[in-house]
Structure formats: C-alpha cells, structure tokens
C-alpha cells in the first residue's frame with residue numbers, strides 16, 4: 001500500500017512538471033523559446049518535487065489557517081465574542097458541510113483517473129492509501145491551525161475533539177453515501193450532486209444555523225455538544241470499519257472516473273459542451289424559409305433560426321431601459337427637486353452613456369453565435385474566405401447587428417429626450433444632438449465589435465477564445481470608454497464629436513475589412 | 001493540366017514537417033497519398049489550400065502556362081465533415097449553387113445532386129444538425145462535386161461511410177477524375193491500391209511516387225511498407 005502511494009505521488013510529480021513546461025510553452029512570445037527537451041531534464045523533476053511539496057504544505061497548513069481565520073475567527077470578532085461555545089457551535093456546522101461536500105473518496109480526480117483507470121492500479125489500495133494521507137493531512141493541518149489561531153478561545157482538549165469530530169463526520173458521510181448508492185443503485189459524485197437545489201439548500205440551512213443562531217445568542221450548549229460528540233464518535237467508529245472493508249472500490253471508480261467527470265475543463269469536454277449548447281440555439285421551426293438569394297438568403301436563414309439568442313438580449317435591454325425611464329419619470333413627478341439633478345446630468349454627463357452603451361451592445365453575443373454555429377464550419381470552405389464573399393456577408397451582418405442594437409438605443413434616446421423635456425428642457429439642437437449621439441454610439445459599438453471579430457477572429461478551431469490581441473483590444477476599449485465617461489464636457493459638444501467619430505470610424509472599418517479580412521478571417 | 005509543387009517547406013518551431021517538396025500531379029488521375037501518423041499529410045493539404053502559410057517554395061497550375069491557384073481551382077474535403085448545421089441540406093446546396101453559379105458548368109437540379117450521393121428525399125429538408133456523420137460527409141463531398149474544382153484534396157473522406165456508400169463514393173470519384181487531379185489521403189492501403197492510379201508517399205518531409213512496374217499487389221504493398229518504414233527507397 002505504501003508502494004502504491006509512492007507511485008501515485010511520483011505520477012503526480014511527473015504531470016505537475018509536464019503541465020508547468022507545457023504552460024511555459026504557451027506563453028505568448030516567450031513560449032517559442034522553450035524547447036521540448038525540457039521534459040526530460042532532471043532539474044525539472046526536482047523542481048516538480050519542490051512545487052508539489054510546497055503545494056502540499058500550503059494545502060495542509062495555509063488553506064486550513066485561512067479557513068479557520070475567515071470562517072471562524074472573523075465571524076467571532078464580528079459578534080464580539082470570545083466564547084468557546086460560539087466557536088464550537090460554528091465549527092460543528094461547518095464540519096457538517098465539509099463532511100458531505102469533501103469526502104475525498106467520492107471526488108473523481110485526475111490522480112485517480114491516471115492511476116486506477118489508465119495504470120490499472122489496485123483501486124482499493126490506491127483509495128485507502130490516499131484516503132489515509134488525506135485524513136492525516138486534515139488532522140495535522142486542522143489541529144495546527146486551531147492551536148495557532150484559537151488556543152486562547154478553545155481549550156486544547158476541545159480543539160482535539162473538534163478535529164477528531166471532523167474526521168469522524170467524514171467517515172459517517174462516506175458510509176451514508178455507500179448506503180445511498182446501494183439503495184439507489186447509482187454512483188455518487190460529490191462534485192455533481194443529484195440535486196443542486198437540495199445541495200445548496202442544505203448548505204444554506206447549515207450556514208444559517210452556524211452563523212444565524214449565534215447572532216441571536218443561541219448556541220449549542222456544552223452538555224448537548226458533548227452528547228452530539230459522543231453520537232458522532234460512535235457512528236464514526238462504526239463507519240471506519242465499513243470504509244476500510246468496502247469491497248467495491250474498483251466498481252465504484254469504474255463508473256465515477258469517466259472522462260466527463262474527471263476532465264470537466266478538458267478541451268474535448270469543453271468543446272462538446274459548447275457544441276451542444278450552441279446547437280440548442282438553432283430553431284427547429286420547420287416553417288422558417290427565405291425568399292432571398294445568395295448571401296442575403298444564407299444570412300437571413302441564420303438570423304431567423306437564431307432569433308432567440310440574437311434578439312433576446314436586445315429585448316431585455318429595451319425593457320430595462322423603459323422600466324428605468326418610467327421610474328425616473330415617476331421620481332420627477334413625485335420629487336420636483338430631482339428635476340434639476342436629472343436635467344443637469346443629461347446635459348453634462350453624456351459621456352457616461354458611452355460606457356453604458358459599451359455594456360449594452362450585443363455585438364459580442366452575436367459574433368459568438370456567428371462563429372459557433374456558422375463560421376466555424378463555413379471557414380473551412382475556401383469560397384467562403386474570398387474577399388467579395390466576406391464583404392457581402394459582412395454588410396448583411398453589419399445591417400443586422402446595427403438594427404438589433406438600434407432597438408434599445410432608440411428607446412434610450414427617446415427616454416432621455418422625454419426625461420430632458422420633463423426635467424426642464426433644452427434647446428432644440430441639443431435634443432437632436434443627444435438623440436443622434438446615442439444612436440451613433442450604438443452604431444459605433446456594433447461596427448467595432450464586428451470589425452474586431454473579422455480582423456482578429458479570436459476563436460480557435462476548438463471554439464475557445466484564444467487571441468491575446470483581441471483580449472488586449474477589448475480591455476483597451478473598456479478602459480477608453482471608462483476614461484471618457486469621466487470627462488467633464490457638455491453633452492452638446494460630446495454628442496457632436498461622437499456623431500462625427502462614429503461616421504469616420506465606420507468608413508475606415510469598412511475599408512479595413514475589405515483590405516485585410518480575407519487574410520485575417522480564418523480558422524486558427 | 002498539372003499541379004506543380006516546387007521546393008515547398010513548412011516548419012512548426014524547430015520541427016521541419018515538409019522539407020523540400022518537389023512534385024507534379026497530373027490531371028486525370030487519383031493519387032493515393034500515404035504517410036505514417038504525423039508525416040505531414042494534413043499539413044501538405046492545408047498548405048495547398050492556403051489554410052497555412054508556407055515557409056518557402058511555391059505551387060501553381062501548369063495549364064499551357066503557369067498560373068496561380070485560385071479559389072475555384074481547389075476543393076478540400078475534410079476527414080471530419082463540417083457543414084452549417086442551421087441549414088437544411090437543400091438550403092445549403094441552394095446557397096452554394098447561388099453564389100457559385102458562374103463557376104458551375106452543367107447545373108443540375110438540387111434533387112438530382114442529392115440523387116447523385118443517394119441522400120434520401122425525406123432527409124433533404126432536415127436541418128443538418130440532425131444529420132449523421134456519414135450524411136454530413138456526403139453533403140460536404142457533394143458541394144465539391146458541384147463546384148468541380150480542378151484539384152480535389154480528400155483527407156480520409158471514406159472512413160465514416162458504411163461499406164455500401166463507400167463503394168458508391170469510390171465509383172463517383174473514379175468518374176470525377178477525368179480532367180481533374182484528385183489527391184486522396186488515407187491510412188488504408190487496400191483502399192489506396194483499389195482506388196488510386198498512383199501511390200505517393202510522404203516520408204521524412206518529402207514526397208515520392210512509388211513505381212509499381214510489373215509488381216503484383218502483394219509485392220507492391222511490401223514495397224510501400226518498406227518505404228514508409230524508411231528501409232528502402234523506391
């Protein structure tokens with residue numbers, strides 16, 4: 001058993017270092033200078049051992065210290081209490097949460113997958129040896145953290161009792177899971193509960209009992225705590241035998257360690273999830289047709305079959321704007337003093353609307369749907385990447401995107417104009433400028449999002465967004481909008497600048513797409 | 001007409017995948033492209049289809065005179081079929097014919113095209129997201145048959161077909177080869193020997209044609225295996 005533990009530790013070491021080197025090789029600019037020969041260098045094996053060792057130390061002591069400090073010492077200080085009964089009350093409920101949510105045995109990890117599934121290690125030996133390590137590290141880590149942080153609150157013998165209870169509760173939870181499996185005939189995965197509602201409901205109840213009762217000065221009295229402890233100890237001792245003698249670990253892990261459970265973040269699993277969720281977005285309405293031709297026909301069918309995802313967000317935004325407008329109108333009538341504030345805001349803080357429009361624009365959602373359900377497949381056809389094809393489709397898409405975003409933008413323009421009129425009014429030309437500058441902002445973001453998509457095509461063939469440049473430009477756009485939103489400039493001046501800028505930007509963008517998109521818009 | 005490749009090179013980091021490819025493919029033939037795993041068959045196809053930029057060298061069509069390969073000249077059938085799943089098979093063909101009608105000679109009706117690859121009438125108006133792998137593959141193959149490019153690159157296209165459809169597809173490809181260059185990548189030796197007029201091996205980053213001369217199939221197979229193993233030069 002000790003040998004099994006040693007081997008699994010070595011395997012963990014090996015893939016830790018391999019992942020480290022693999023990660024280095026994927027760093028932009030630096031990665032290409034990292035040779036494959038590093039994988040066989042002994043230095044990295046030692047480095048890996050050090051990394052694993054440090055990681056274990058942090059896991060055993062660091063996380064436990066943080067856990068005790070955040071979940072126990074901090075609440076106690078907020079309750080201004082130094083009572084060990086408060087402490088033990090909260091601890092017990094937290095230990096209950098930990099017992100069923102972190103059993104180790106029902107956690108489908110990569111280590112287990114590699115050792116039990118791929119390397120055919122004896123499931124029982126692997127499980128028991130690693131479970132003993134888990135219990136040992138929990139015991140030492142928890143005990144150390146409690147002694148360091150709670151020695152002046154809880155007597156040492158109660159600290160010892162709390163740690164033992166933690167361990168016993170885990171045995172009881174595992175035994176309970178074995179029982180449930182036997183009754184229901186299905187494997188339990190602690191990361192994917194049968195019912196998330198029940199799971200989070202139970203956690204919420206236990207958290208309420210842990211922190212809510214002490215708020216009202218209600219905690220488990222000492223004598224009751226001791227009775228509960230005795231029950232837990234007895235049930236725990238009974239469960240220990242079951243856990244160590246359990247004969248079906250091999251059967252359990254055969255079902256639990258399927259790649260979907262283990263590699264929840266693997267590229268394949270992610271890709272399959274993305275594909276499945278995107279296919280669901282396609283409308284199966286058989287009456288959908290189009291009487292257009294060529295690209296207009298292709299795009300028309302795309303829009304009609306994705307109407308829900310394309311227009312849902314715009315509809316919700318429009319509704320939100322209307323609601324806010326109605327509330328503000330109501331406020332204007334109820335509180336006359338608010339008129340000046342709102343009027344002043346509209347006349348002097350138009351740049352703030354730019355930031356708002358940045359968040360409200362659906363460009364990213366739409367381009368995402370375009371890639372996932374259309375361009376991902378079509379880009380492998382060479383005719384689809386021809387300059388004329390690209391430009392024809394780009395024009396169709398731009399029209400759709402602008403129209404989709406114009407619905408909330410026009411609503412906002414209208415709402416702001418009404419608010420301006422009701423709050424004290426402004427000159428006719430100001431109305432015009434404010435109205436059209438919001439429309440210009442919407443058009444600008446529609447063009448901007450589509451241009452970025454065509455010029456930087458950020459997705460790879462695995463449907464992940466992998467373009468560093470795209471991320472940098474997106475962040476820069478946000479910061480620019482944020483900076484502009486803080487500018488002290490009249491809405492009239494800003495509105496004029498915005499309208500001119502949106503027109504110039506759109507014209508330059510069209511030229512850029514025609515000139516560069518045939519080279520940039522392709523599968524990576 | 002010939003497809004001429006001259007001194008083509010493609011590296012990934014320090015790894016030279018395509019070293020110095022010099023080769024000429026002639027129309028009217030199906031070429032079986034064989035190579036071991038990771039030999040660079042897909043990389044070669046990606047370079048010819050301009051999905052990847054080459055590091056050195058050139059490739060062009062020699063049709064009386066040298067000319068650059070244009071989009072309409074080349075078709076690439078991927079091993080994993082990709083089709084726009086939000087369209088029905090009929091809608092996709094309609095769109096494809098609409099935008100390529102200037103380049104398509106002898107346009108047939110959409111149903112006639114479906115008949116060609118034996119897609120059943122009840123499947124023609126279904127969304128392609130509900131198509132099987134094999135049906136998607138048929139549609140992908142069909143658009144290339146309709147476009148009829150001078151050069152057709154086929155990356156293991158028959159693997160997802162059942163035996164009956166695979167036989168039908170083989171016959172279709174044999175009919176299609178007249179006036180075209182078909183380069184067919186596969187790992188299945190029997191398929192290559194059965195379907196292809198010439199066997200080309202991609203080994204150590206270079207292409208070489210394997211001369212069959214008067215050998216029977218068994219001897220020829222043995223020779224190809226030896227070349228693939230790097231034990232003997234053809």
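Within the range A:182-210, can you find the residues that are crowded, with 17+ Cβ neighbours inside 10 Å and not in a loop (DSSP other than H, G, I, E, B)?
A:206, A:209, A:210
Filter the range B:113-124 down to the residues that are within 14 Å of chain A (Cβ to nearest Cβ) and in a loop (DSSP other than H, G, I, E, B) and list them by number.
B:124
Wholly within the range A:303-418, which helices (runs of 4 or more DSSP H) include no fewer than the required count, namely at least 1 residues that are within 14 Å of another protein chain (Cβ to nearest Cβ)? Show your work before the answer.
On the way: elements: A:307-334, A:338-348, A:350-360, A:363-370.
Output list reads A:307-334, A:363-370.
Within the group B:160, B:148, which residue is within 14 Å of another protein chain (Cβ to nearest Cβ) and in contact with a helix residue (DSSP H, G or I) (Cβ under 8 Å, 6 or more places away or on another chain)? So that I can check it myself, show each step before the final result.
Numbers: B:160 fails: within 14 Å of another protein chain (Cβ to nearest Cβ).
The match here is B:148.
Among all residue pairs at least 6 apart or on different chains, which show Cβ distances below 6 Å where the first residue, located in the range A:215-229, is assigned by TED's automatic domain parsing to the domain that holds residue A:86 and the second is in a loop (DSSP other than H, G, I, E, B) and surrounded by fewer than 18 Cβ atoms within 10 Å (Cβ to Cβ)?
That search, which allows pairs on different chains as well, returns nothing.
So which residues in the range A:484-493 are within 36 Å of the chain's Cα centre (by Cα) and surrounded by 12 or more Cβ atoms within 10 Å (Cβ to Cβ), if there are any at all?
Residues satisfying the conditions are A:484, A:485, A:487.
Among the residues of the range A:426-466, write down those that are free of Cβ contacts under 8 Å to residues at least 40 places away in the same chain and not in a helix (DSSP H, G or I).
Residues satisfying the conditions are A:427, A:458, A:465.
Within the range A:279-302, restricting attention to residues that are assigned to a loop (DSSP other than H, G, I, E, B) and facing chain B (nearest Cβ under 7 Å), which residue is surrounded by the fewest Cβ atoms within 10 Å (Cβ to Cβ)?
By that ranking, first place goes to A:284.
In a loop (DSSP other than H, G, I, E, B), in contact with a helix residue (DSSP H, G or I) (Cβ under 9 Å, 6 or more places away or on another chain) and surrounded by 12 or more Cβ atoms within 10 Å (Cβ to Cβ) - does that describe any residue in the range A:211-230?
yes
List the number of the failed condition for residue B:3; all other conditions in (1) free of Cβ contacts under 8 Å to residues at least 60 places away in the same chain; (2) away from chain A (no Cβ under 14 Å); (3) part of a strand (DSSP E or B) hold.
Here residue B:3 meets the rest and fails (1).
Taking the condition of being more than 12 Å from the chain's Cα centre (by Cα), part of a loop (DSSP other than H, G, I, E, B) and surrounded by 17 or more Cβ atoms within 10 Å (Cβ to Cβ), how many residues in the range B:149-177 meet it?
The qualifying residues number 2.
Working only within the range A:2-55, note down all residues that are closer than 22 Å to residue A:140 by Cα and exposed (fewer than 14 other Cβ atoms within 10 Å of the Cβ).
A:2, A:6, A:50, A:53, A:54, A:55 - these are the residues of the range A:2-55 that are closer than 22 Å to residue A:140 by Cα and exposed (fewer than 14 other Cβ atoms within 10 Å of the Cβ).
Condition check ((1) at pLDDT below 90; (2) within 24 Å of residue A:350 (Cα to Cα)) across all residues:
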{"residue": "A:421", "(1), (2)": "no, yes"}
{"residue": "A:424", "(1), (2)": "yes, yes"}
{"residue": "A:470", "(1), (2)": "yes, no"}
{"residue": "A:491", "(1), (2)": "yes, yes"}
{"residue": "A:494", "(1), (2)": "yes, yes"}
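Could you figure out which of (1) more than 37 Å from the chain's Cα centre (by Cα); (2) in contact (Cβ under 8 Å) with a residue 12 or more places away in the chain isn't true of residue A:172?
(1)
Just to be sure before I move on: is residue A:281 at pLDDT 75 or above, under 21 Å from the mean Cα position of the chain (by Cα) and not assigned by TED's automatic domain parsing to the domain that holds residue A:127 in the structure I sent? Full working, then the answer.
Numbers: at pLDDT 75 or above: yes; under 21 Å from the mean Cα position of the chain (by Cα): yes; not assigned by TED's automatic domain parsing to the domain that holds residue A:127: yes.
Yes; evaluated as a whole, the condition is true for this residue.
Anything in the range B:183-227 that is under 15 Å from the mean Cα position of the chain (by Cα) and farther than 29 Å from residue B:15 by Cα? List them, or say none.
Listed by number, the residues that qualify are B:191, B:195, B:196, B:197.
Would you mind stating whether residue B:219 is part of a helix (DSSP H, G or I) and modelled with pLDDT under 85?
In short, yes.
Could you please let me know if residue B:80 is free of Cβ contacts under 8 Å to residues at least 60 places away in the same chain and assigned to a loop (DSSP other than H, G, I, E, B)? Let's see the steps before the verdict.
Numbers: free of Cβ contacts under 8 Å to residues at least 60 places away in the same chain: yes; assigned to a loop (DSSP other than H, G, I, E, B): yes.
Criteria met by residue B:80.
Among what's in the range B:89-98 and is within 11 Å of chain A (Cβ to nearest Cβ) and buried (at least 21 other Cβ atoms within 10 Å of the Cβ), pick the residue that is farthest from residue A:379 (Cα to Cα). Show your work before the answer.
Taking the range B:89-98 first, the residues within 11 Å of chain A (Cβ to nearest Cβ) are B:90-92, B:94-98.
Filter again for buried (at least 21 other Cβ atoms within 10 Å of the Cβ), leaving B:91-92, B:95-96.
On the way: B:91: 18, B:92: 14, B:95: 15, B:96: 14 Å.
For the range B:89-98, the residue satisfying everything is B:91.
For the range B:125-135, give me each residue that is surrounded by 12 or more Cβ atoms within 10 Å (Cβ to Cβ) and within 13 Å of chain A (Cβ to nearest Cβ).
B:126, B:127, B:128, B:129, B:130, B:131
Pick from A:165, A:149: which is more than 14 Å from residue A:240 (Cβ to Cβ) and outside any loop (DSSP other than H, G, I, E, B)?
Testing whether each residue is more than 14 Å from residue A:240 (Cβ to Cβ) and outside any loop (DSSP other than H, G, I, E, B) leaves just A:149.
Do we have residue B:110 as modelled with pLDDT of 90 or more and within 13 Å of chain A (Cβ to nearest Cβ) here?
no
Here is a check on your reading of the model: is residue B:54 assigned to a strand (DSSP E or B), in contact with a helix residue (DSSP H, G or I) (Cβ under 6 Å, 6 or more places away or on another chain) and over 30 Å from residue A:306 (Cβ atoms)?
So residue B:54 does not fit the description; no.
Quick check on residue A:168: is it at pLDDT 95 or above and in contact with a helix residue (DSSP H, G or I) (Cβ under 7 Å, 6 or more places away or on another chain)?
Yes: the conditions hold for residue A:168.
Name every residue in the range B:68-82 that is more than 9 Å from chain A (Cβ to nearest Cβ) and within 9 Å of the chain's Cα centre (by Cα), in order of residue number.
Matches in the range B:68-82: B:77 only.
Of all the residues that make up the range B:57-73, how many are touching a helix residue (DSSP H, G or I) at 6+ places or on another chain (Cβ under 8 Å) and either modelled with pLDDT under 90 or not in a strand (DSSP E or B) (or both)?
Number of matching residues: 3.
The values are calculated or read from the model by the stated rules, or taken from the named source; none is laboratory data. Please read these numbers as outputs of a predicted model, since none were measured by experiment. All Cβ positions, even for glycine, are placed from backbone atoms using ideal geometry, and neighbour counts span all protein chains on display.
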